[in-house]
1. Could you look through region A:166-215, keep only residues that are of a type in the set (S, T, Y) and out of contact with any strand residue (DSSP E or B) (no Cβ under 8 Å at 6 or more places or on another chain), and pick out the one that is surrounded by the fewest Cβ atoms within 10 Å (Cβ to Cβ)?
2. Those residues that are under 17 Å from A:D87 (Cα atoms), within 13 Å of chain C (Cβ to nearest Cβ) and crowded, with 17+ Cβ neighbours inside 10 Å, I need them from region A:110-139; list them, please.
3. Hey, A:T142 hits all of (1) open to solvent by 10 Å² or more (accessible area, probe 1.4 Å); (2) more than 23 Å from the chain's Cα centre (by Cα); (3) farther than 19 Å from A:Q250 by Cα but one; which does it fall short on?
4. Could you please let me know if D:E159 is within 22 Å of D:Y267 (Cα to Cα), open to solvent by 40 Å² or more (accessible area, probe 1.4 Å) and modelled with pLDDT of 95 or more?
5. Go through region D:252-276 and report how many residues are open to solvent by 30 Å² or more (accessible area, probe 1.4 Å) and either closer than 19 Å to B:E254 by Cβ or not basic (K, R) (or both).
6. Restricting to region D:195-220, and then to whatever is facing another protein chain (nearest Cβ under 8 Å) and hydrophobic (A, V, I, L, M, F, W, C), can you tell me which residue is nearest to the chain's Cα centre (by Cα)?
7. Can you name the residue in region A:222-232 that is open to solvent by 10 Å² or more (accessible area, probe 1.4 Å) and not acidic (D, E) and, of all such residues, is nearest to the other protein chains (Cβ to nearest Cβ)?
8. Against the condition of a type in the set (K, R) and at pLDDT 95 or above, how does C:K210 come out, does it pass?
4 protein chains.
Amino acid sequence: MNKAILRIECPDKQGIVHEITEFLVNNNGNILELEQFVDQRTARFFMRVVWDMTGFGIPLEKFDIAFAETANGLSAKYWINSSAKKDRLALFASKELHCLGETLMQSFLGNLPVEIPVIISNHETAGNLAEKFGVKFFHIPTDGREKEEYEKEQLRILEEQRIDFIGLARYMRILSANFVRRYHDRIINIHHSFLPAFVGANPYRQAYEKGVKIIGATAHFVTEELDQGAIIAQDITPAHHGYSVDRLRQVGQETEKKVFSFALKKYAKRKIIRIGNRTIVFE
Amino acid sequence: MNKAILRIECPDKQGIVHEITEFLVNNNGNILELEQFVDQRTARFFMRVVWDMTGFGIPLEKFDIAFAETANGLSAKYWINSSAKKDRLALFASKELHCLGETLMQSFLGNLPVEIPVIISNHETAGNLAEKFGVKFFHIPTDGREKEEYEKEQLRILEEQRIDFIGLARYMRILSANFVRRYHDRIINIHHSFLPAFVGANPYRQAYEKGVKIIGATAHFVTEELDQGAIIAQDITPAHHGYSVDRLRQVGQETEKKVFSFALKKYAKRKIIRIGNRTIVFE
Amino acid sequence: MNKAILRIECPDKQGIVHEITEFLVNNNGNILELEQFVDQRTARFFMRVVWDMTGFGIPLEKFDIAFAETANGLSAKYWINSSAKKDRLALFASKELHCLGETLMQSFLGNLPVEIPVIISNHETAGNLAEKFGVKFFHIPTDGREKEEYEKEQLRILEEQRIDFIGLARYMRILSANFVRRYHDRIINIHHSFLPAFVGANPYRQAYEKGVKIIGATAHFVTEELDQGAIIAQDITPAHHGYSVDRLRQVGQETEKKVFSFALKKYAKRKIIRIGNRTIVFE
Amino acid sequence: MNKAILRIECPDKQGIVHEITEFLVNNNGNILELEQFVDQRTARFFMRVVWDMTGFGIPLEKFDIAFAETANGLSAKYWINSSAKKDRLALFASKELHCLGETLMQSFLGNLPVEIPVIISNHETAGNLAEKFGVKFFHIPTDGREKEEYEKEQLRILEEQRIDFIGLARYMRILSANFVRRYHDRIINIHHSFLPAFVGANPYRQAYEKGVKIIGATAHFVTEELDQGAIIAQDITPAHHGYSVDRLRQVGQETEKKVFSFALKKYAKRKIIRIGNRTIVFE
């Protein structure tokens, strides 16, 4: 079934749901899913609504024109997408491959509705996995090179491959402000701790030293500031006192890959809206 | 803030959200919460909507008349409630008091929006707790008596106390069909296992013999058939191989009390709609 | 580091830990891990102890002779293994490949200390995955054939490949009593429900109909009786009322693969002892 | 059954388990529980062993003399306790009473093996609960007073009541270094966040602003530095994007009370050993 997915955000007031559903009813749109949320702090209204395109009176390429009056009346920002078009996802990797492997397997099994045309890494380690799953692999070394230089190569590939969004599958380099701006709200990172605890390098070592009884993982949008972007998903696993740093890492990797692929799915299904430094993630 | 809570159920079709929100907009109802759900199996639509009564054009006692046309047009069943009126909850107990204690404490701390005027038990054990929290206590023995006889006493008390709903806080007697019918959809039981596993007596013993690695608890509506009513909430806790039956029971009690008070809160906040043998439980 | 792993079981009495550790001390065995457990119901003692083989006075192939007196004195049953020797694991699959994919990926990433020489399936679906990971694939059809006939082929392959244990990665056929006996205590199945709830076919459909709020998965040893073998591991995930059977299946698969690979790891690390219909699973 | 509980810590070497169990065997001590752990980082050995005092050759008051040679030989630090003697626990509270209420209820129901002779608070709010459960209540105001002055009153009460350990059940004042030293390793605090995230005041507000998807609670030993003592237990609960700060607080309180009472039980059962800033918590 071909579905339209509308995400919309506007100042809260009385009657918004009514206005939007009126637009859909008038154009013969049969609603399949509807979730709304009012952020009391900012007094803003958020909604995600999905309808069947069969019989809908407006082709999506003319949606903007048809919806303009309603959107303007509500001072709304919105995003409209078709379920028919799959996103093109680029994966960045380094030496630890569990998040990469999970994403490739999920996509192979048909559980992650994206195409993965390319993997980029500063190491050759991921080449084997890329080949197994028939994905183009680019080894772009970073050591001893200027960030501007190697990011130029990366950006060129992303452009050539018409990439829609990027998953940092344990890529251990910080992206430049320029890179982040080019893919604003379209880069998802997995951090191997429960943020905001243990920002930065070696979080399992940090967790071990601190003696926490739980270790976590956080998927978040990437911003210019390290590990500070809006959080999309988090999960944890208990940490036994007997666990060494290595065992913490091994146990934690299971949580990382789960959280990372969860966030990628939510993104691909257009279930995320960012509000400043926070996210709404619809069911 | 005085709020109205409408739960509504009707055959699914295009435009239902629009029709209901139209009614609210026309009467100046400011929507605070809205959740909807379409059950694909039965092709039925379900919605819970909450609005501010301040400025709303219709007093709740006249809601039925005002809403009749909309409801009839949709062939809808609905329930309308005011957040201002607190339910009167009766608790039934036996000898194990953890669920009773939790409910009394939650109510005392203001976390469970109900009044608890009465506790009924077939043992005297709960009398002390009842007294601590200033709740009337009725010891109605059941051993060696006809069910009809002692239930008559119970039902009389429930009526005198104008009870809205009943929580079976580990009350170990099966209610008669007559009793269940009188409080249809208004009796919540806590079963000390993950239903449908381990129906009936001694579920922790059953779980121990089976060697499960997880033990659970289930809150459900009571029907005439034992442990078969629609499930409202379930949760689990890991079971270590070293746990004896007693340790399973002790660990499991923490889950029971959590699940039971969760279900009572959802009921009191009118967040549950039953569909046949299943429940919708809104966030 | 080359380690010896001893699992031992005997009637409980005073001084067992002391006797066994005496044997190790006398032979210069440095204990790295020790876990013990007394099952009060059966009055039996269980222990798993791991020591460094460096400097240990007895080569493992002579362990039985050296340990005989101690073992006899305790009327003990025991299993001795070397961490240096990796098990050879055969995977059986059908059409749903998430558990198979997870196991292959875990092994590829070095997180599951086994060799996987062979995959056997009654469908061709898994052939692609087998090829990706360089594993021999045998498509042995079962439809319209006698069990004895196709199991003969399966057993021959297992023998040729010197298989140590078998993982049924959502293989949907029931093994014959003869097959099960040949690999007694060496076949692990993943059942896609929280056993003992929802035995048999289509557990997600069963769970949906029952309206449970949690869905689970169970890894267990295979016995002649369907889904009745000793449970090794279980886990669950919350089930939202909005989930269709398909969504339940999709969500549940994440739990299945986690539980299945957890059980395989515990087996490979010799952390499981079966007591009748239950298991001890050491940390 | 009267049990002895020995916790012991010493430099790791070969044969420690053997030496300690030899001492027990020689004195006719029947081991009921034994857990050991080697901290690879510090190369230290930790053990907790429980035995039946019936028939044991040494009365506990003479244990130190009898065990001296073994302990000295191992350069061991140890703690010996009898299960027959219940700890006397003092609870400190402020205005939020959920942790206090839970602890009193657990103790009332016989699930927490301590005596609670006294509650101390800087507000009168907890007086009612104290009275319900027959516990002495001391209202010691802190506003506008010198810490030294009011802590003197608190310390006098603790001494008079022969308090063994202290639970800070959401007591919102920082204890002086002098106070902490007097009850070194005997004060357990519940912090309403997943430490080390959100140290200090208003963690639910901090969590809300950060947009985390999980909120946690941490029970830890109190040291002179705020929220930095060794962690005993942690747990979390998912945080929905729709939760206000108040809802986060309400949901989080359930986790707080669970974690707090878990830590108190582990302490009372002598299942905790602190290693620097970390804890070993035995099953």
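1. First, pick out the residues of region A:166-215 that are of a type in the set (S, T, Y): A:171, A:176, A:183, A:193, A:204, A:208.
Within this subset, residues satisfying the condition of being out of contact with any strand residue (DSSP E or B) (no Cβ under 8 Å at 6 or more places or on another chain) are A:176, A:208.
On the way: A:S176: 14, A:Y208: 21.
The selected residue is A:S176.
2. Answer for region A:110-139, where residues must be under 17 Å from A:D87 (Cα atoms), within 13 Å of chain C (Cβ to nearest Cβ) and crowded, with 17+ Cβ neighbours inside 10 Å: A:L112, A:V135.
3. So A:T142 meets the others, but not (1).
4. Numbers: within 22 Å of D:Y267 (Cα to Cα): yes; open to solvent by 40 Å² or more (accessible area, probe 1.4 Å): yes; modelled with pLDDT of 95 or more: yes.
When the stated conditions are applied, D:E159 passes them.
5. Initially, region D:252-276 is screened for residues open to solvent by 30 Å² or more (accessible area, probe 1.4 Å), giving D:254, D:258, D:262, D:265, D:267, D:269-270, D:274, D:276.
Right, trim to either closer than 19 Å to B:E254 by Cβ or not basic (K, R) (or both) and you get D:254, D:258, D:262, D:265, D:267, D:269, D:276.
So the count comes out to 7.
6. Looking at the filtered set, the residue picked out is D:L195.
7. So in region A:222-232, the residues open to solvent by 10 Å² or more (accessible area, probe 1.4 Å) come out as A:222-228.
So of that shortlist, the ones also not acidic (D, E) come out as A:222-223, A:226, A:228.
Working: A:V222: 15, A:T223: 13, A:L226: 15, A:Q228: 9 Å.
If we take residues in region A:222-232 being open to solvent by 10 Å² or more (accessible area, probe 1.4 Å) and not acidic (D, E), then A:Q228 is nearest to the other protein chains (Cβ to nearest Cβ).
8. no
The values are calculated or read from the model by the stated rules, or taken from the named source; none is laboratory data. In this text the structure is predicted, and so the values were computed from the model without any measurement. We place every Cβ from the backbone using ideal geometry, glycine too, and count neighbours over all the protein chains shown. What goes into the accessible areas is simple: the full protein's heavy atoms, side chains included, and nothing from ligands, DNA or RNA. Shrake-Rupley method; radii C 1.70, N 1.55, O 1.52, S 1.80 Å.
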